[in-house]
Amino acid sequence: MADRVVSAQSSAARSPAKPVMREHRIPTRDSKPYIAVEGPDGNLWFCESGASKIGCFDPNAGTFREFALPAVGSVPVGIAVGGDGNLWFTQKEGNRIGRITLDGAITEFAVPTANSGPDGIVLGPDGNVWFSEGNADRIARVTGDGRMTEFGAGMTPGSRPLSIVVRDGALWFSEAGGNRVARMTLHGEVTEFPVPSPDNQPRAMVLHPDGSIWFVETGANALGRIAHDGTVVEFAIPTPNASARGVTVTADGDLWFTENFANKIGRMDSRGAMIGEYDIPTSASGARCITSMSDGRLFFTQYDAGLIGEIIP
């Protein structure tokens, strides 16, 4: 089931102050920061796609550490905290899954399918790490010792799975090439749910405290929400051709998202009402991922500018 795009509702009832933004420059030039996540140490860990490094930003000290991967050109993209307390990450061009300790020790595991394009990554409900293979139309599982199992049966060819979240003991993921959101059990059984707008390109996803999953629709200029039964509702972004790329949720239930082309950060409540859109200080910064930290601060990656942006609501 799906509902068409609805206009963003009026936000007149809520007019919070404009958030403060700061920007922190990554030491390595042309680092192209992509996905970021809060680590067990309270620091922000992120992939440097252009530099083949994993970065770590201490938000309290304002300092960076960077760890070079063994192979240049591996293009790390997704990163998540594993059940072992380490950070696990995908290497899109290197076709590997990496693991890095909080001290920077790196281990790599080869993906069985060649040129699979590892992308999104998440800690599964079974304690293993799961990741998407965007070029191979598969979702794969990797155990703590690096053993991998790939699942693809039931997924429509050309789906291009990307972001993954966990809900109801299963993996939910976006299919950017198929304009769908899909659910896969831990045994590999796939159910696909269409998103109504044409060429909507669903990408980043986040699990909301109310149990719904929200995702950006880069092609449809909207945010989407999918219920447990697969019902999809879409909410338009006011700025045309904003190119939404990342989304996160804060403790108050609001959705914060990046607008790549518009060079803004958007904020929407859980009813789909727009609260505001805020200009990013550096022009054409290439805003990508946005993540909410446990202390309430938000950080976002600025792919084209080589910066980590900070939002203080």
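Can you give me the distance in nm between label points at LYS18 and VAL166, each placed 7 Å from the Cα along the Cα-to-Cβ direction?
4.0
Want the number for THR143 to ASP295: 0.36 nm per residue separation, take away the alpha-carbon distance, what's left?
Stretched out fully, the THR143 to ASP295 stretch lengthens by 51.7 nm.
Using a Förster distance of 35 angstrom, determine the FRET efficiency expected from the C-beta separation of THR185 and ALA71, and round it to 0.05. All intermediate terms of the calculation are to be shown ahead of the outcome.
Values: r = 34 Å, r/R0 = 0.96.
For THR185 and ALA71, the calculated efficiency is 0.55.
Tell me the Rg and the Dmax, in Å, that the Cα atoms of the chain produce.
18.1, 53
Given the Cα-Cα distance of SER283 and ARG25 and 0.36 nm per residue of separation, how much length would full extension add, in nm? Each step should come with its number before you reach the end.
On the way: separation 258, 0.36 × 258 = 92.88 nm, distance 1.43 nm.
Computed gain between SER283 and ARG25 is 91.5 nm.
Give me the accessible area of TRP214, 1.4 Å probe, in Å² rounded to the nearest 10.
0
Do you know the Lys pair count in the chain for C-alpha distances under 25 Å, with sequence separation 8 or more or different chains?
5
Using only the C-alpha atoms of the stretch 136-208, find the volume of their convex hull and express it per residue in Å³.
97
For the stretch 18-59, build the convex hull from the C-alpha positions and give me its volume per residue in Å³.
Details: hull volume 3.8 nm³, N = 42.
Taking only Cα atoms, the stretch 18-59 has a hull volume of 91 Å³ per residue.
Please tell me the relative contact order of the chain in percent, rounded to the nearest whole number, where contacts are Cα pairs under 8 Å and at least six residues apart.
Relative contact order, the chain: 17 percent.
Please give me the summed charge of the neighbours of PHE57: other residues whose Cβ is under 13 Å from its Cβ, Lys and Arg +1, Asp and Glu -1.
That sum, taken over residues with Cβ under 13 Å, equals -2.
Let's see if you can work this out: charge +1 on each Lys and Arg Cβ, -1 on each Asp and Glu Cβ, no other charges. What is the dipole magnitude of the chain about its Cα centre, in debye to the nearest 20?
My answer is approximately 400 debye.
The values are calculated or read from the model by the stated rules, or taken from the named source; none is laboratory data. Just so it is clear, the model here is predicted, and its values are computed rather than measured. Because the Cβ atoms are built from the backbone with ideal geometry, glycine has one as well, and the counts that use them run over all protein chains shown. Just so you know, the surface numbers come from the protein's heavy atoms only, side chains and all, with ligands and any DNA or RNA stripped out. Shrake-Rupley method; radii C 1.70, N 1.55, O 1.52, S 1.80 Å.
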